[in-house]
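Just so it is clear, none of the values below were taken in a lab; they were calculated from the coordinates. Computed from a prediction, not measured in an experiment: that's the story for all the values here. Because the Cβ atoms are built from the backbone with ideal geometry, glycine has one as well, and the counts that use them run over all protein chains shown.
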Ligand code: MN
């Protein structure tokens, strides 16, 4: 009889750790040499030892986390030994006794530089600074040396998102928002599509759990229908493609949960109207010399079977995106009157599309793609070198300049330029050269003269018009979106002001001399405060510009009297701010419960999203206006949370809220075909059928259509739904959406 072996929990855990480590080694396909294997082993052993007494929130041994991050790096992005070792070590410096010097000694400068980029800045931040923003900037700073920092950070974030259920609600919202605002777009820009999609879906799962559940449930219920449709769409294509003489693979997949959710929200339509949107992908097994021709051949086959919508042809093969993405996209009319997007690409292009930047190591010889990335990275580096901007501005600027979609425009000589979406003629001018930007008076877009503020569209050809007499002014700052133009304009404005101020300073020195008063720091400050100038520079500027007349510069008098006055003003100011503090509108502290300890606190409803009972909500601590309640899917809230996560408080509606119904202001927008009596039908529903109180109503007709805006008082989301359904039932063309109260 064999002896039964019972393992202790500890032994079981150790067994599991070894199992996972072996699993990692099998996934590390690019690790072949002895040195590489040794590097990973050393990193694993150090990490294992350093984290040995730590556990994750889920109760698991901490080492499971670095192992999982390394697994993602190896398996899902295809990174090599250095990255895998860094992934294993990524939390060591931040969370354990081991410091960077030790890592440097043991693993060399390259590994320690990457680990440094992955280690958060610790310490105390003052109120105005955002630790999240500071850390994000720090991580990107390391990017100048090594892109792998960001790739590993994305793997880390993915694993944290996959295990987010173990965190408290506050952290869930903070981390999910930050993921949506920065990490998913970053993964997108680095071309890692699969991970980008998963990050988005997971963010939705935690910011809007109900919506997420609803969409995923409906997606699985409609799976068979979709498969059937795809089969019938693909069948005739296959017959033709077989004659092409090129091996191929064809697959159809539905859009992600997040993109379905986004479409429903943006177009205010139901799941049924968007769930069957597909992308069918044809992947050709072609050689690099023939790939262009093969793709276009496949294109002409597809369009000979299904009628294309030529306005929706996207040729990312002739002009790849900045993130290296290449593919041919065309939308065609499929069976049953349904539009289908067909993506045509080769295996090489597909790998780049899935793996993004990481795939470039494999195709390094392709100079075109490398230069696309290098441009992007160089632009980020340039921005990082600018010491002026603070971390918060930086994150916002990074977002608009490097993570948003882009437009392609041409110079007069036909050179292609890529700018962020909404870039203007003035942005273009500064992109070419800062001197051209400074002297820009307008532009010719496609041979038509346009103002500086003209927003550029894809394919525009832009010629900048300059004049030697031109000077930048303050308004220019509202005409530009690129960081480059903004920084340059700010600098030029300051420079000009400084020159003018010099004249004012000389004048003031003379005045001081005449009255025999010492030109001291303290005395200048008194004068500055007396004239309510923002700074010394402002004072000189105001004097030079004669905003402060010479006759008013009675130095001695001001210094004696001014000091008195200043004190009085200060007292008055303080009184003023106390009295003018905004009144809190909703002081019903018993309807919403804020924070972890279920303490009731004062709050007010954010105007941008006007939450109703039934909405997922959160509290945000503002400076000066107390706690504001936002909907968790509010655009403003998402950007606030990603920058000031530490100011987010979890909040929920009190469960006994329905016992004492309150009403909340909600705006509803109605559009449709104008008919007789539409206004009275709507008002009847509101005042007679549902007995809802209305604050305001306005209707506008235009060419047979109308748009109405109602501000009504509602008790909760089901009340809102009831109202929307009733209004919709007036006729088939009516469209009702919930809007924010302006
Ligand atoms: Mn981590």
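Mean separation of Cα pairs under 8 Å and 6+ residues apart, divided by the residue count of the stretch 664-739: what relative contact order is that in percent?
After rounding, I find 45 percent.
Take the alpha carbon gyration tensor of the stretch 218-370, find the square roots of its eigenvalues, order them as a ≥ b ≥ c, and report rounded if a/c is under 1.5; if not, report prolate when a/b exceeds b/c, else oblate.
It comes out oblate by the Cα gyration axes.
How big is the Cα convex hull of the stretch 481-546 in projection, averaged over all directions, in nm²?
Over all viewing directions, the stretch 481-546 projects a mean Cα-hull area of 5.2 nm².
Ranked highest first by average number of other Cβ atoms within 10 Å, how do 626-632, 285-291, 603-609 line up?
626-632, 603-609, 285-291
What are the equivalent ellipsoid semi-axes of the stretch 9-211, built from the alpha-carbon gyration tensor (square roots of five times its eigenvalues), in whole angstrom, biggest first?
Equivalent ellipsoid semi-axes, largest first: 25, 20, 18 Å.
Scaled to the compact-protein estimate 2.2 N^0.38 Å, what is the alpha-carbon radius of gyration of the stretch 175-216, rounded to two decimal places?
For the stretch 175-216, the normalised Cα radius of gyration is 1.14.
Put one equal scatterer on each alpha carbon of the stretch 147-210, apply the Debye formula with no solvent term, and list log10 I(q)/I(0) at q = 0.27 1/Å to two decimals.
Evaluating at q = 0.27 Å⁻¹ gives log10 I(q)/I(0) of -1.17.
Sort all Cα-Cα distances of the stretch 465-514 into consecutive 5 angstrom bins from zero, then give the percent of pairs in each bin up to the one containing the longest distance.
Calculated P(r), rounded to whole percents: 4, 17, 19, 19, 13, 9, 8, 6, 4, 1.
Quick check: Cα centre of the stretch 85-108 to Cα centre of the stretch 256-270, how many Å?
Value for the Cα centre distance between the two parts: 43 Å.
Is the stretch 418-461 rounded, prolate or oblate when judged by the Cα gyration tensor, a ≥ b ≥ c being the square roots of its eigenvalues, rounded requiring a/c under 1.5 and prolate requiring a/b larger than b/c?
Because a/c hits 1.5 or more and a/b fails to exceed b/c, the stretch 418-461 counts as oblate.
Distances longer than 25 Å among the Cα atoms of the stretch 179-308: what percent of all pairs is that?
It works out to 42 percent of all Cα pairs.
So if I take the centroid of the Cα atoms in the stretch 1-67 and the same for the stretch 466-515, what is the distance between those two points in Å?
Using only Cα atoms to place each centre, the spacing works out to 61 Å.
Using the alpha-carbon centroid of each, what span in Å lies between the stretch 197-220 and the stretch 661-720?
Each part's Cα centre sits 31 Å from the other's.
I need the shape label for the stretch 276-318. Rule: rounded when a/c is under 1.5, else prolate if a/b > b/c, else oblate, with a, b, c from the alpha carbon gyration tensor.
Prolate.
Report relative contact order for the stretch 9-211 in percent, whole number only (criteria: Cα-Cα under 8 Å, sequence separation at least 6).
Over the stretch 9-211, the number comes to 16 percent.
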